[in-house]
1. On C-alpha positions alone, give me the angle between the axis of helix A:149-162 and the longest principal axis of chain A, in degrees, nearest 10.
2. Can you list residues from other chains, or at least 5 along the same chain, whose modelled amide H is less than 5 Å from the amide H of residue B:61?
3. So how tilted is helix A:122-132 from the main axis of chain A? Cα-based, degrees 0 to 90, rounded to 10.
4. How do the peptides B:209-219, B:266-276 rank, highest first, by the average count of neighbouring beta carbon atoms within 10 Å per residue?
5. For residue B:191, what charge total do you get from the other residues with a beta carbon under 10 Å from its beta carbon, if Lys and Arg give +1 and Asp and Glu give -1?
6. At residue A:204 and residue B:295, where each label point lies 7 Å from the Cα along Cα→Cβ, what is the point-to-point distance in nanometres?
7. Have a look at the DSSP beta bridges in the protein assembly as shown and tell me what percent are antiparallel, nearest 5.
8. How do B:298, A:100, B:97 rank when sorted from fewest to most other Cβ atoms within 10 Å of their own Cβ?
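Laboratory data are not the source of any read-out in this text; all were calculated from the coordinates shown. This one's a predicted model, so the numbers in the text were calculated from it and none came from an experiment. When we count neighbours, we look across all protein chains shown, and the Cβ atoms used for this are built from the backbone with ideal geometry, even at glycine.
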Amino acid sequence: MEKHTRETAHDALLKVSNIDVFHGSFQALWDVSLEVKPGEMLALIGANTAGKSTLLDTISGLLHPAKGSIEFEGRNTSALDPFQIVELGISQVPEGRRLFPEMSVLDNLILGSYNRKARSKREQNLKQVYRHFPILEDRKNQLAKTLSGGQQQMLAIGRGLMADPKLMLLDEISLGLAPIVLDELYRALREIRERGITILFVEQNVRRTLQEADRAYILESGRVVLSGTPAELQEEEEVRKAYFGV
Amino acid sequence: MTDLLDLAAPLLRGILLGGLYVLIALGLSLVFGVMKLINVAHGDLVILGTYFAFFLMSGELLGHKYSVIANLGIDPILSLVIVIPLLFAIGYAIQKFLMSRALGISMEAPLLIAFGISLIIQNTAQKLWTPLSRGLTPTYALECFTVGVLRIPLIYLLDFIAALVVMLALREFLKRTYLGKAINAASQDKRAASLMGINNNRVYAFAFGIAMAIAAIAGVFLGLTFPFNPTSGVSFLIIAFGVIIVGGLGSMLGTFIGGMILGLAQTFGGYFLGATAQMLVLYVIVLVVLAVRPQGIFGR
C-alpha cells in the first residue's frame, strides 16, 4: 500500500480518488483510488467479480461514483456522460468486444471516430489502425460478424483507436483467444503505447500482465489491495499465493 | 384474355397502393428498430401531417376559413416544405421530453405515453377540424393515367414514386452519414454506441424526428389518396403494423415487399369479393403470416 504515496498527484493523467460505486443497491467498489501516469501501461488484476470492469465503466461514465472523484487531466469527470468522456480523450475497448455485427469493418472503425475531435483526424487514424492491423484493411468491406475472434478483437482495438484517445481502457482482450493471437495483440499495444497513448488494461492472465505492464493494481472484492511494479508485486507473498499458486 | 386483362388493373393498382403503405410503415419501423418503442400514436401523427397540409390548402381551422391561407391554397405536395420540418420538430420533442425519460422507467411507460399522444391528437383534430371526413383534392388527385387500356389514378403512381424516393433516401442516409451510422449503431448495441462517443439521447431524438418527417410525407400522400377524418390514424396504424409483420422487422426490403403484398391483398380482395371485403383480406393475410412465419417473410 505504501507504493501509493510515492506517486505524486500532479503528474497523473487520470486520478481516481476514493470512489464508491453501486450497481443498484449492491456496492461494487469500495473506496478505490488509482493513478495513471502519462505514457504508462497499467494493468488491473483481480478475480472475476473483483470490480475491474466496474472501475473501467465508471471511468468511461457508464456508471457514476456515489462517493469520491475521477479527474482526467485535472478535470473532474465523475458526473460526465460517456460521450463527453470519449471526447475528452478516454476510449474503452469493452469486454466481449461489442462490435456492431451487422456493419462493415470500415463502418465500425468510422463509428469509433464519432466524437467531434476525432472526426477531423479520421483518415490519419485509419491509416494508423491499418498499420497496426493490416488484416483490417484487407477485410474492411466485410461484415464485422464474419471476422475470426482474433480479428474481431483487433477491430475492437482499432475502433477504440479511432476515437483519437490519450488514454485507452482495454477490458479482457485475451478472452477466448489463442496465445499466438495474443502475442500479436500485445505487440500492437506496445506500438500504440510507443505512440504516446496511455493504456489501462484488465487482464485475467497474470503472467501476461506482469510481462507487459509497467505497474499493476490488484483488486479484490471491490477494493484495491496492492499496487506496484511487476517485480514488486511478485515479491509480495499474498500475490504469489493468490495468483501464481506458489 | 379479357379476364387476364381485368386482373391487370388490380395488380397494378395494388402494387402502386402498396407504396403508400410502405410510406406509412417506414416511420413506425424506424422507431421500433432503433428505440424498441411501439409507437401506437404513429397513425395519428401521420394523420396530423395530413391535417396540417389540409389547413395549408383550405385555411380551415376551428370552424373558420382563414381566407389569407385559403387564397394562397398551398398545394399539398408543396406544403411538405412546411409539414416535414413541423413533424420533425414534434417527433424530436416527443422523444427528447417524453420518451427519453419513459424509456428508463419500464417497457409500458413509453407505450402509455404513445397511447396518450394518440388520444390527444384525435381529440384535438376533432376540435380543430370537426369529425367530418375530408380530402386533399388538388386537380391532379382526381386524374387518371392510362397504361394500354388500363386507367389508374395518377395519385397511386405518385404514392409509389414517393415511397421509392423516401426509401432510397433513408437507406443512403443510414449508410453514408455519421448520424445515420450512429442511429444504426445505437439500434444494434446501445452501450457500445455510447462508448463510441455517441450521445444516445440525441440520436434517438433525431431518429424519432426523422420517422415523423417520413410520417409527414406519408400523411400528405394518404390525404391525396383517401378521404380521412380525425380517427383514421387507427386503421392506418393497423396497416402499418401489417406491413411490418408481413415483411419482417428490421428489413427495408421486407417493408417494401410487405407494403406491396398488403396493397395487392386489398385490390384483389376488392376485385374478387367486393369493396366491403377488401380490408378483410388484408387482415387475414397478416394473421396467416403471423401464424406461419411470425418473424415475417424477410425477418431473421
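1. Once rounded, one gets 90 degrees.
2. Residues meeting the amide H criterion: B:66.
3. The angle comes out near 80 degrees.
4. Result, highest mean Cβ count within 10 Å first: B:209-219, B:266-276.
5. 0
6. A separation of 2.9 nm, rounded to one decimal place.
7. 60 percent
8. B:97, B:298, A:100
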